[in-house]
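K.L.:
Take this structure first; my questions come after.
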Amino acid sequence: MVETTFLDKIASIILDGSTNSLSDLVVVLPNKRAKVFLIEALRNKTENTILAPQIISIEDFIQDIAGIRSIDNIELVFEFYEVYLSVTDKEKQQPFELFANWGKTLLQDFNEIDRYLLEPNHVLSYLKDIEDIKHWSVDAEKRTPMIDNYLQFWSLLPKYYEALYSHLLNKGIGYQGLIYRESVSNLDHFSNAIGNKEFLFAGFNALNASEEKIVQHLLATEKARIFWDADETFLNDPFHDAGLFLRRFKESWKHYKSHPFEWIVGDFKQQKNIQVIGTPKTIGQAKIAGKIVEEYAKGESTLNKTAVVLGEENLLVPLLYSLPASVSALNITMGYSGKNNPAQILIAKLFKLHSNALSRNPNSYVFYYKDVLDVLTHPLVEPYSKTSDLVNTINQNNYTFITYNKLFELNQSQSDLFLLLFHKWDNGCMSVLETISNLLLQIKSNLSSDDEGEKITKAFVYSIFKVINKLMNYYSKHKHIDTIETLFAIYKQIIDLAEVSFEGEPLNGLQIMGVLESRVLDFETVIVTSMNEGKFPAGKSQNSFIPYDVKRELGLPTFKEKDAIYTYHFYHLLQRAKNIYLLYNTESEGLDGGEKSRFITQLEVEKQKNHNITQEIYNAALPDVAYRPIVIPKSESVMLRLKEIAEKGFSPSALTSYIRNPIQFYMQKILRIREVEEVEENIALNTLGTIIHETLRVLYEPYIGKFLSANDIKNCIKLIDDEVLRQFKIVYKEGEIKKGRNLLAFEVAKRNVLNFLKLELQEIENGDAVKIIALEQTYERLLEHPKLPYPVLIKGNVDRIEQRNGKIRIIDYKTGKVDGKEVALKQWDKLTDEIKNDKIIQVLAYAFMYEPNLEGQEIEVGIISFKNLKSGFLPFLFKIDKTEISVINEEISGSYIEQMVLLLNEILDKDIPFREKF
């Protein structure tokens with residue numbers, strides 16, 4: 001640590017011999033964490049083996065005086081609910097989830113009233129009177145039952161307080177304020193019982209009324225000494241908040257009329273390098289903190305003297321990811337909210353999964369696929385559940401709603417983890433909590449104890465495990481949790497009160513802590529994040545029923561006092577530090593925004609002579625070009641793959657995908673990367689197209705090689721409904737087709753097929769002679785050309801080939817809208833330059849592939865658009881001057897081949913890389 005820390009000085013006082021026996025000495029510190037550092041300071045100051053004095057936190061000390069066990073906030077809310085039910089009329093009682101919303105706030109007010117030794121009846125009656133005054137404007141006759149109930153609530157507050165106080169006292173348990181009040185009441189008895197014990201209070205700043213009374217009593221009876229860590233810079237400035245409380249104590253305590261105020265030091269004005277660094281957003285601060293730590297991580301002894309103090313807890317995880325690998329040891333000492341806990345997120349997803357399953361159909365227990373996938377793909381589940389095949393099955397088969405039995409049928413390899421995740425929640429809340437508890441134990445067993453990242457994850461899991469086990473304990477005593485919905489509401493209420501505790505080596509490596517955890521400790525290098533108003537200091541939060549003016553009148557702490565506490569902690573961090581980094585978010589707007597902290601401005605305005613303050617703004621490096629297109633050169637393996645494709649066959653869609661974007665072609669055809677399978681909850685356009693294509697294929701298949709008659713088409717029309725339904729089941733698999741958008745898509749598919757057949761019937765009745773030659777058939781043809789490096793096979797699937805009135809007609813179905821101009825061409829040299837010509841390239845490829853089968857017949861190719869059926873068949877047209885040619889002659893075929901050769905040469909040229917298009 002730094003050369004002479006406050007705890008080093010306290011260790012010297014302990015060892016200077018002024019105490020008769022160390023065994024009689026009790027050292028009282030602001031928090032438990034400082035104990036480890038004080039013991040280390042004692043060890044460094046003695047060469048002999050000694051028995052250390054008793055070292056306890058102020059809260060443990062107060063509990064010892066009162067003889068009452070402290071209970072956690074979760075248990076307290078449940079105990080308060082029991083009391084609430086006992087004193088509230090049955091018809092006005094609220095369920096637990098509603099009660100907890102205001103109950104937690106009221107408990108905080110009870111706590112403050114007791115800690116500051118106020119008369120509870122006076123304060124709570126005062127609140128009732130205030131509410132009465134607010135409603136004077138409403139005539140008594142005109143008051144609604146809601147207003148009466150509201151006023152009655154305020155009148156019951158003294159009753160709630162008295163009943164809760166007595167209830168807890170009878171059980172020998174209490175919240176902090178109750179314990180403080182009882183400790184003051186028990187002070188004389190405690191003083192008489194302590195014998196030769198002597199108390200040493202060290203490192204305090206703000207004390208509540210109870211603490212003041214206890215400390216002053218022990219000082220007056222010469223049973224205690226107290227040592228402050230007061231810097232003269234703040235103490236002697238009547239307006240500096242860092243010395244607000246210490247000035248009050250120095251001036252008002254009777255003890256200091258005849259005793260010196262110890263200690264007043266001058267450390268803050270010593271040499272310091274203070275770097276104020278602004279950067280956009282929270283993540284930027286984490287990155288910069290990581291870079292600063294990297295500098296100090298080069299020497300282990302330097303890192304041991306370094307602390308990162310987080311102004312807001314949400315920065316913890318980004319910071320851990322930003323720390324360099326050279327940080328071999330770190331210690332996290334801070335409260336981390338249960339809300340951001342990955343294990344809590346998994347439990348919340350489980351509640352959603354099972355609540356939805358129960359509400360849908362309790363008998364068959366139907367899961368929604370998104371809920372299932374949310375759970376299975378969670379980071380604490382996915383690596384260990386062995387359910388990748390199940391996820392793929394759900395995605396590939398479009399399972400939207402899955403029954404409990406079907407889910408287990410689909411997943412043959414059922415791990416213990418899987419069984420716990422999907423075990424039915426239909427046997428009461430206690431069973432649910434037991435299942436979740438076992439699940440968390442299973443997850444813990446999957447995590448390694450050697451990996452640092454997984455150690456932190458274990459801490460997250462354990463914190464939720466404790467919450468669940470507490471819930472089980474409370475549920476066994478307080479049976480007011482009767483449904484899953486209520487249980488989840490209670491869980492959400494109490495998770496706010498749960499914090500994650502991390503294990504680490506407090507004396508070794510980098511220290512990561514919250515603001516309150518930094519009390520009493522000194523570091524040589526300090527990195528403080530979130531130095532923005534509203535974060536550091538925390539801002540004017542009013543989580544209380546007691547108005548500001550009433551608090552001022554009664555002597556309760558307001559945001560003024562809370563700011564003064566933050567100010568002291570901040571300046572104490574800087575007091576003995578040599579290198580200080582203050583990081584803040586330059587963005588004034590947004591969720592994590594805010595003005596630069598007043599503490600930074602204060603340092604600048606009240607700059608000490610030996611302080612070197614520098615200001616920097618770090619922005620992300622902006623590239624000169626917003627985005628550089630991807631360019632991929634063609635390696636030997638790429639060229640081999642291209643030759644393989646040329647031998648197996650280039651499809652017309654592959655050629656058009658290259659024109660659209662060469663990188664897309666590279667991903668799909670060279671790397672063979674397919675799109676990730678996902679559940680198609682609503683039928684996609686390409687799926688609808690496949691259904692229509694397949695329906696028409698099946699309906700026309702019996703008539704291949706025959707001339708169609710009107711009766712044939714009429715027979716096809718009768719079969720539409722059944723065939724569309726059958727194709728839906730084949731293509732859309734397990735997807736729901738009888739509800740919502742999918743029902744509309746189903747009707748659209750039937751209507752499209754019907755309209756097509758009606759058009760066909762009309763044309764046949766008008767005299768067209770139509771013979772089906774092929775349906776959905778694959779054709780291929782080798783393209784050999786002197787300009788190509790090797791022959792290339794062109795291969796593709798043709799929707800329909802027919803002979804109509806003596807001509808061969810090749811038809812490509814399009815479910816989208818296509819106009820005639822999209823299959824019309826005026827000049828060949830632009831054919832492969834623009835993607836708008838993709839339909840022309842496609843239909844002419846079909847003509848090229850079928851040409852050897854023509855036997856002298858004329859051929860035309862084109863499109864039938866289901867969204868433009870009134871236009872009928874849209875043939876490819878080559879326009880020269882005012883002439884339109886629709887028959888594919890040798891000249892058109894030759895020009896098309898020349899364009900394909902140019903395109904293929906570009907694709908197959910080793911020296912032309914794949915270049916991204918926008």
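The values are calculated or read from the model by the stated rules, or taken from the named source; none is laboratory data. Predicted, not measured: the structure shown is a model, and the values here were computed from it. All Cβ positions, even for glycine, are placed from backbone atoms using ideal geometry, and neighbour counts span all protein chains on display.
K.L.:
Do we find that residue 380 is assigned to a helix (DSSP H, G or I) and at pLDDT 90 or above in this structure?
P.N.:
Details: assigned to a helix (DSSP H, G or I): no; at pLDDT 90 or above: yes.
When the stated conditions are applied, residue 380 does not pass them.
K.L.:
Condition test on residue 833, is it part of a loop (DSSP other than H, G, I, E, B), in the same structural domain as residue 880 (by TED's automatic domain parsing), charged (D, E, K, R) and within 25 Å of residue 645 (Cα to Cα)?
P.N.:
Numbers: part of a loop (DSSP other than H, G, I, E, B): yes; in the same structural domain as residue 880 (by TED's automatic domain parsing): yes; charged (D, E, K, R): yes; within 25 Å of residue 645 (Cα to Cα): yes.
Taking the combined requirement at face value, the residue satisfies it.
K.L.:
Let me ask something else about it. Looking for something assigned to a helix (DSSP H, G or I) and at pLDDT 90 or above - is there at least one such residue anywhere in the stretch 676-690? Outline the logic, then answer.
P.N.:
Taking the stretch 676-690 and keeping what is assigned to a helix (DSSP H, G or I), we get 685-690.
Now drop any that are not at pLDDT 90 or above, which leaves none.
No, the stretch 676-690 contains no residue that is assigned to a helix (DSSP H, G or I) and at pLDDT 90 or above.
K.L.:
Identify all residues within the stretch 304-319 that are at pLDDT below 90, among the hydrophobic types (A, V, I, L, M, F, W, C) and over 17 Å from residue 518 (Cα atoms); write none if there are none.
P.N.:
Answer for the stretch 304-319, where residues must be at pLDDT below 90, among the hydrophobic types (A, V, I, L, M, F, W, C) and over 17 Å from residue 518 (Cα atoms): just 317.
K.L.:
List, please: which pairs have Cβ atoms under 6 Å, are six or more places apart or on different chains, and start with a residue in the stretch 887-907 that is under 15 Å from residue 659 (Cβ atoms) and end with one that is of a type in the set (S, T, N, Q)?
P.N.:
Every condition considered, the pairs that remain are 899/832; 903/832.
K.L.:
Follow-up question, since we're still on this one. Is it the case that some residue within the stretch 774-787 is assigned to a strand (DSSP E or B), free of Cβ contacts under 8 Å to residues at least 60 places away in the same chain, among the β-branched types (Val, Ile, Thr) and touching a helix residue (DSSP H, G or I) at 6+ places or on another chain (Cβ under 7 Å)? Give the steps one after another, and end with the answer.
P.N.:
Taking the stretch 774-787 and keeping what is assigned to a strand (DSSP E or B), we get 774-783.
Imposing the further condition that a residue be free of Cβ contacts under 8 Å to residues at least 60 places away in the same chain reduces the set to 777-778, 782.
Cutting the leftovers down to among the β-branched types (Val, Ile, Thr) gives us 778.
In the following step, the residues that additionally are touching a helix residue (DSSP H, G or I) at 6+ places or on another chain (Cβ under 7 Å) were identified as none.
No, because not a single residue in the stretch 774-787 is assigned to a strand (DSSP E or B), free of Cβ contacts under 8 Å to residues at least 60 places away in the same chain, among the β-branched types (Val, Ile, Thr) and touching a helix residue (DSSP H, G or I) at 6+ places or on another chain (Cβ under 7 Å).
K.L.:
Taking residue 108, is it assigned by TED's automatic domain parsing to the domain that holds residue 157 and closer than 30 Å to residue 472 by Cα?
P.N.:
Details: assigned by TED's automatic domain parsing to the domain that holds residue 157: yes; closer than 30 Å to residue 472 by Cα: yes.
When the stated conditions are applied, residue 108 passes them.
K.L.:
Moving to a separate point now. Given (1) crowded, with 18+ Cβ neighbours inside 10 Å; (2) part of a helix (DSSP H, G or I), identify the lone condition not met by residue 425.
P.N.:
Going through the list (1) crowded, with 18+ Cβ neighbours inside 10 Å; (2) part of a helix (DSSP H, G or I), residue 425 breaks only (2).
K.L.:
Considering only the stretch 158-209, how many residues are of a type outside the set (Asp, Glu) and outside any helix (DSSP H, G or I)?
P.N.:
Let us first name the residues in the stretch 158-209 that are of a type outside the set (Asp, Glu), namely 158-161, 163-181, 183-187, 189-197, 199-209.
Then keep just the ones that are outside any helix (DSSP H, G or I); that gives 172-175, 186, 194-197, 199-208.
The total comes to 19.
K.L.:
Ok, one more. Scanning the stretch 500-548 for residues that are over 27 Å from residue 602 (Cα atoms) and in a strand (DSSP E or B), which turns out modelled with the highest pLDDT? Step through it out loud before you land on a result.
P.N.:
To start, the set of residues in the stretch 500-548 that are over 27 Å from residue 602 (Cα atoms) comprises 500-510, 543-547.
Among the residues that remain, those that are also in a strand (DSSP E or B) are: 500, 510.
On the way: 500: 76, 510: 88.
In this case the residue turns out to be 510.
K.L.:
Check 863, 888 and return the single one that is touching a Leu at 6+ places or on another chain (Cβ under 6 Å) and under 30 Å from residue 757 (Cβ atoms).
P.N.:
Working: 888 fails: touching a Leu at 6+ places or on another chain (Cβ under 6 Å).
Result: 863 is the single residue among 863, 888 that is touching a Leu at 6+ places or on another chain (Cβ under 6 Å) and under 30 Å from residue 757 (Cβ atoms).
K.L.:
Regarding the stretch 855-866, can at least one residue be identified that is assigned to a loop (DSSP other than H, G, I, E, B), assigned by TED's automatic domain parsing to the domain that holds residue 663 and under 21 Å from residue 830 (Cβ atoms)? Reasoning before the result, please.
P.N.:
Of the residues in the stretch 855-866, the ones assigned to a loop (DSSP other than H, G, I, E, B) are 855-858, 866.
The next check asks that each one be assigned by TED's automatic domain parsing to the domain that holds residue 663; those that pass are 855-858, 866.
Checking the rest, the ones that are also under 21 Å from residue 830 (Cβ atoms) come to none.
No, the stretch 855-866 contains no residue that is assigned to a loop (DSSP other than H, G, I, E, B), assigned by TED's automatic domain parsing to the domain that holds residue 663 and under 21 Å from residue 830 (Cβ atoms).
K.L.:
Filter the stretch 449-493 for residues that are modelled with pLDDT under 80 and of a type in the set (Ser, Thr, Tyr) and give the result.
P.N.:
If the condition is that a residue be modelled with pLDDT under 80 and of a type in the set (Ser, Thr, Tyr), then 449, 483 are the ones that fit.
K.L.:
When the stretch 383-416 is examined, which residues are found to be over 23 Å from the mean Cα position of the chain (by Cα), farther than 22 Å from residue 730 by Cα and not in a loop (DSSP other than H, G, I, E, B)?
P.N.:
Of everything in the stretch 383-416, those that are over 23 Å from the mean Cα position of the chain (by Cα), farther than 22 Å from residue 730 by Cα and not in a loop (DSSP other than H, G, I, E, B) turn out to be 404, 405, 408, 416.
K.L.:
Of everything in the stretch 82-96, what is free of Cβ contacts under 8 Å to residues at least 12 places away in the same chain and either among the acidic types (Asp, Glu) or not assigned by TED's automatic domain parsing to the domain that holds residue 164 (or both)? Give them in sequence order.
P.N.:
Listed by number, the residues that qualify are 89, 91.
K.L.:
Residues of the stretch 775-804 being in contact with an Asp or Glu (Cβ under 9 Å, 6 or more places away or on another chain), more than 26 Å from residue 707 (Cα to Cα) and among the hydrophobic types (A, V, I, L, M, F, W, C), which ones?
P.N.:
792, 793, 794
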